[in-house]
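Notes follow once the structure below has been shown.
The values are calculated or read from the model by the stated rules, or taken from the named source; none is laboratory data. Please read all numbers here as calculations on a predicted model, not as lab measurements. With ideal geometry, Cβ positions are generated from the backbone for all residues, glycine too; neighbour counts draw on all protein chains shown. These accessible areas exclude ligands, DNA and RNA; they are computed on the full protein's heavy atoms, side chains included. Shrake-Rupley method; radii C 1.70, N 1.55, O 1.52, S 1.80 Å.
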Amino acid sequence: MKLVGLTGGIASGKSTVSRLLQERNIPIIDADKIARKVVEPGQSANRLIRKHFGDEVFLPNGEINRPKLGEVIFADPDKRKILNQCTHPAVRIEMLRQAFFYWIKGADVVVLDVPLLLESGMDKLVGTTVVVYCSEVLQLQRLMNRDGLSEDAATQRIRAQMPLSDKVKRADVVLDNSTNIAQLETQVKNLISRIKPSPITWLLEYAGPPAILVGALVAIKMYAPHLLLSLGNWIAKQRSSAA
């Protein structure tokens, strides 16, 4: 199974690409959705966040006050690192669990939708890194319109992430979302053609590991008695010589 990493910048259009891939039956593992689940009341990440950030970033029902927490972490890089340390381990475990589930189902390709794919080092786990790009001016306009932010607040959030230009340099595939949805759809179709493995490759990757395991078990069952007998004879000879 091929793992593909999908990333971008805030308001660059990554979520739109993820949706277009899902519409074309490409399995998506969404790190943002998982991150929202692992911080629900009762979860260990929720307790860690309360420990490090205090009650002021929580609502009365125990859920996180996301706008308040956002104000804190986007203004302080150290606080942002602490938040990542609280949530990333649980997010990674769940992403790997879902990837294993898709492998068991026989999926030939799975896309990991991760905003901090490069920053977190998770790009080392994937075979292809895809970056969704748009100009910083367009990114700023989209973010202000989408979230109702002032220019300063939107700029602060953009600056809190790795620059898109740096992400593009580390990408295997770049999707340019600077024009319209039709152009983006064409790029997504081309991307699918590129990342989809051939049937032979899929068969080797899917059936290969179980076949190796079964082969090893069969070999052990066939040859272990003979090897143990030979080892016993050798030990007996050594004892006889010593006597």
**Complete:** Here the gain from full extension of residue 68 to residue 189, 0.36 nm per residue of separation minus their alpha-carbon distance, amounts to 39.7 nm
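In whole percent, how big is the carbon plus sulfur part of the accessible area of segment 158-197, probe 1.4 Å, protein atoms only? Each step should come with its number before you reach the end.
Numbers: 1060 of 2320 Å².
Heavy-atom surface of segment 158-197 belonging to carbon and sulfur, 1.4 Å probe: 46 percent.
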**Complete:** Mean accessible area per residue over segment 57-127 (1.4 angstrom probe, all protein chains present, square angstrom) is 54
**Item:** Lysine pairs with alpha-carbon atoms under 21 Å apart, segment 97-205, spacing 8 or more or separate chains
**Value:** 4
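Of all trypsin sites (Lys or Arg not before Pro) in segment 1-89, which ones are in loop regions per DSSP and have a Cβ with at most 16 other Cβ atoms within 10 Å? Working shown, then result.
On the way: sites: 2, 14, 19, 24, 33, 36, 37, 47, 50, 51, 68, 79, 80, 81; in loops: 24.
Sites meeting the loop and neighbour criteria: 24.
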**Prompt:** How far is it, in nm, from the label point at residue 229 to the one at residue 196 when both lie 7 Å from their Cα along the line to the Cβ?
**Reply:** 5.4
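Express as a percent, rounded to the nearest 5, the fraction of DSSP beta bridges in the chain (both residues included) that run antiparallel. Show your work: numbers first, answer last.
Working: 1 of 18 bridges.
Restricted to the chain, the bridges split so that about 5 percent are antiparallel.
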**Prompt:** With θ set to phi - 60° and the Karplus curve 6.51 cos²θ - 1.76 cosθ + 1.60, what are the ³J(HN,Hα) couplings of segment 224-234 in order, to the nearest whole Hz, using x for Gly and Pro?
**Reply:** 4, x, 5, 5, 5, 5, 5, 5, x, 4, 5
**Item:** Spacing of the two label points (7 Å from each Cα toward its C-beta) at residue 105 and residue 160, in nm
**Value:** 3.2
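Could you put 129, 16, 179, 186 in order of accessible surface area, largest first, with the 1.4 Å probe and the full protein assembly present? Before the final figure, lay out the partial values.
Working: 129 10, 16 45, 179 95, 186 75 Å².
The ranking, largest first, comes out as 179, 186, 16, 129.
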**Complete:** Sorting 160, 93, 173 by the position of each Cα along the dipole of segment 87-178 (Lys, Arg +1; Asp, Glu -1; all at Cβ), the one nearest the positive end of that ordering is 93
**Request:** For the chain, build the charge dipole from Cβ charges (+1 Lys, Arg; -1 Asp, Glu) around the Cα centre, then report which of 145, 236, 34 sits farthest towards its positive end.
**Result:** 236
**Request:** Determine how many Å³ per residue the convex hull of the Cα atoms of segment 55-104 encloses.
**Result:** 100
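Which value, in debye to the nearest 20, gives the size of the charge dipole of the chain about its Cα centre, when Lys and Arg are +1 and Asp and Glu are -1 at the Cβ?
On the way: 32 positive and 24 negative charges, 192 e Å.
Computed charge dipole of the chain: roughly 920 debye.
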**Prompt:** For log10 I(q)/I(0) by the Debye sum over Cα atoms at q = 0.08 Å⁻¹, which listed value, (i) -0.37; (ii) -0.44; (iii) -0.73, comes from the coordinates shown?
**Reply:** (ii)
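Let's test the formula: R0 of 51 Å, r as the Cβ-Cβ distance of residue 22 and residue 218. What FRET efficiency results, to the nearest 0.05? Walk me through the numbers before you get to the answer.
On the way: r = 40 Å, r/R0 = 0.79.
Between residue 22 and residue 218 the formula returns 0.80.
Do any GluC sites (Glu not before Pro) in segment 89-163 lie in a loop, going by DSSP, with at most 13 other beta-carbon atoms within 10 Å of their beta carbon, and if so which?
Numbers: sites: 94, 119, 136, 151; in loops: 119.
Within segment 89-163, no GluC sites (Glu not before Pro) qualify (loop, at most 13 other Cβ atoms within 10 Å).
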**Principal axis dimensions, largest first and in whole angstrom, of segment 87-186 by Cα** = 45, 34, 25
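Of the heavy-atom accessible surface of segment 1-110 (probe 1.4 angstrom), what whole percent is carbon and sulfur? Walk me through the intermediate numbers first.
On the way: 3090 of 5860 Å².
The C+S portion of the solvent-accessible surface of segment 1-110 is 53 percent.
Pulled fully out, how much extra length does the chain show between residue 78 and residue 141, if you take 0.36 nm times their separation in residues and subtract their Cα-Cα distance?
Values: separation 63, 0.36 × 63 = 22.68 nm, distance 2.72 nm.
Gain in length upon complete extension: 20.0 nm.
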**Message:** Please list, ordered by chain and number, the residues whose modelled amide H lies under 5 Å from the amide H of residue 175; skip anything fewer than 5 residues away on the same chain.
**Reply:** 131, 132, 133
**Prompt:** Distance from the Cα centre of segment 60-79 to that of segment 126-199, in angstrom?
**Reply:** 25
**Complete:** A correct Karplus calculation of ³J(HN,Hα) over segment 7-24, with 6.51 cos²θ - 1.76 cosθ + 1.60, θ = phi - 60°, whole Hz and x for Gly and Pro, returns 8, x, x, 4, 6, 8, x, 4, 5, 5, 4, 4, 5, 5, 5, 4, 5, 9
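Starting from 0.36 nm per residue, how many nanometres of slack lie between residue 15 and residue 241 once their C-alpha separation is accounted for? Mind showing how you got there, number by number?
Numbers: separation 226, 0.36 × 226 = 81.36 nm, distance 7.47 nm.
Stretched out fully, the residue 15 to residue 241 stretch lengthens by 73.9 nm.
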